[in-house]
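A short reminder: the numbers here are calculations on the coordinates, not readings from a lab. From a predicted model like this one, the values you see are computed outputs, not experimental measurements. Counting neighbours? That spans all protein chains shown, and the Cβs are built from the backbone with ideal geometry, glycine included.
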Amino acid sequence: MDEKHVPRLARMTALRYFFEVVQRGSFRKAADEINVAASAINRQISLLEATLDTKLFDRERGPTGLRLTEAGRILHYRLCSVMNELAIAGDEISELKGLQRGHLRIGVNEVIATDLLPDVIAELHSRYENLTFKAVVDNTPEIVKRLHDGDVDIGFGYNFPSTKELNFLSVLQRKTHLITSLGHPFARRKHVKLRDIQGADFILPDRSLALRRMLDDAFAATDLKINPIMETNSFTLLRTMVQAGLGISIVTGRFIRNSPQRLAFIDLKEDVIKFGVLSCCSSAGRTPSAAAVAFADVVKTYFSTIKE
């Protein structure tokens, strides 16, 4: 392509500097990350702003630190897609060598991170010993945001929204269970109904979690009253409190592989409690990398062996 027809942004080496400053939250942290003087980064970004004839950062220091202008937000949004495509290109080139190298960024729910994820990564590592991983543990809405922003390649967890922005690579429908300590009176029962737990001491997931909203709807529909003892955004802590006998709770799915069975899982015979869906997904706007596809294939194999 003739030089004069190349978009002016494509010729700007400052784009990487700009991207790193936004990702790290400051000029100093970006300088440390890419081993370039902060003054050089500041100079290049000033040249970028001059080229675009607009400010990208609000440089007035405030309580929230470095802030993007509207133009800066637009540029960063587009750069996220570009950087993701470049990462995919690198993975596809690695694929030509049998996926001997690559890096996979995974956004994962907490319970899956401690239960199934170690086995999936161990299996992938045994096949591709030079493939590296980064796992970010978060709730589902935050993982969806990370997928959209290009911060992770794969989302792995429960109850991802059915939207055209997500590409579902592996899906497993899971039952919802009442959980109790092994010494609880319900522990020997095969199933219960919601009315059986009227007035019970309860450990609740907090309102940032999709399961809590599902439970609130179910309790309202059946006029069920429980005695809330504690709420938490950590399912690991929730299960630990139930195991200790502080109360009972409701969760999606039994343990899959790595966790010891020190809880009783009792089937809930109630239509108002919906099935949970455990999914492995990517952003529909980006082509999954070879590493992401390999990850989803391993997950699909594990899903085929899971029984409630």
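Peptides 192-199, 139-146, 222-229, 276-283 ranked from most to least packed by the mean count of surrounding Cβ atoms within 10 Å: 276-283, 139-146, 192-199, 222-229.
(1) 23.7, 78; (2) 25.2, 79; (3) 21.6, 70: which one is Rg and Dmax of the Cα atoms in Å as calculated from this entry? Answer label, from the structure shown: (1). Packing, as the average of other Cβ atoms within 10 Å across residues, places the peptides 49-57, 117-125 in the order 117-125, 49-57, highest first. Placing a label point 7 Å from the Cα of L246 along the Cα-to-Cβ direction, the residues of segment 166-202 whose backbone N falls under 18 Å from that point are 179-184, 200-202. Listed peptides 241-249, 285-293 appear in the order 285-293, 241-249 once ranked by packing, highest mean of other Cβ atoms within 10 Å at the front.
Ranking S289, G245, T232 by how far each Cα lies toward the positive end of the dipole of the chain (charges on Cβ) leaves G245 at the top.
Eigen-decomposition of the gyration tensor built on the alpha-carbon atoms of segment 176-274 gives equivalent ellipsoid semi-axes of 18, 15, 13 angstrom, largest listed first. Can you give the FRET efficiency for S208 and V293, using 1/(1 + (r/R0)^6), R0 = 25 Å, r = Cβ-Cβ distance, to the nearest 0.05? Working from the Cβ atoms, E equals 0.20.
Once amide H atoms are placed 1.01 Å from N in the peptide plane, what residues at a sequence separation of 5 or more from F265, or on another chain, have their amide H within under 5 Å of its amide H? Residues meeting the criterion, in which the H sits 1.01 Å from N, do not exist here.
Only Cα pairs under 8 Å and at least 6 apart count here; give the relative contact order of the chain as a rounded whole percent. The value is 21 percent. Expressed as an acute angle from 0 to 90° and rounded to the nearest 10, what is the orientation of the C-alpha long axis of helix 140-149 relative to the principal long axis of the chain? Tilt of helix 140-149: around 20 degrees. A simple charge model with +1 on the Cβ of Lys and Arg, -1 on the Cβ of Asp and Glu and nothing else charged puts the dipole of the chain at about 380 debye relative to its Cα centre.
Dividing the summed -39500 (n - 2.57) terms of all DSSP H runs of n ≥ 4 by the residue count of the chain sets its mean residue ellipticity at 222 nm at -12500 deg cm²/dmol. Amide H to amide H, with H built 1.01 Å from N, H103 comes under 5 Å of T132, counting only residues 5 or more places away or on other chains. Put simply, the amide H of L204, placed in the peptide plane, has neighbours under 5 Å in I229, M230, E231, T232, leaving out anything fewer than 5 places away on its chain. Under the simplified labelling scheme, the Y77-R16 pair shows an inter-label distance of 2.6 nm, with each label point 7 Å from Cα along Cα→Cβ. Here segment 132-286 is treated with +1 on each Lys and Arg Cβ and -1 on each Asp and Glu Cβ, and its dipole about the Cα centre works out to around 560 debye. Between R127 and L182, the simple label model (points 7 Å from Cα in the Cβ direction) yields a spacing of 3.6 nm.
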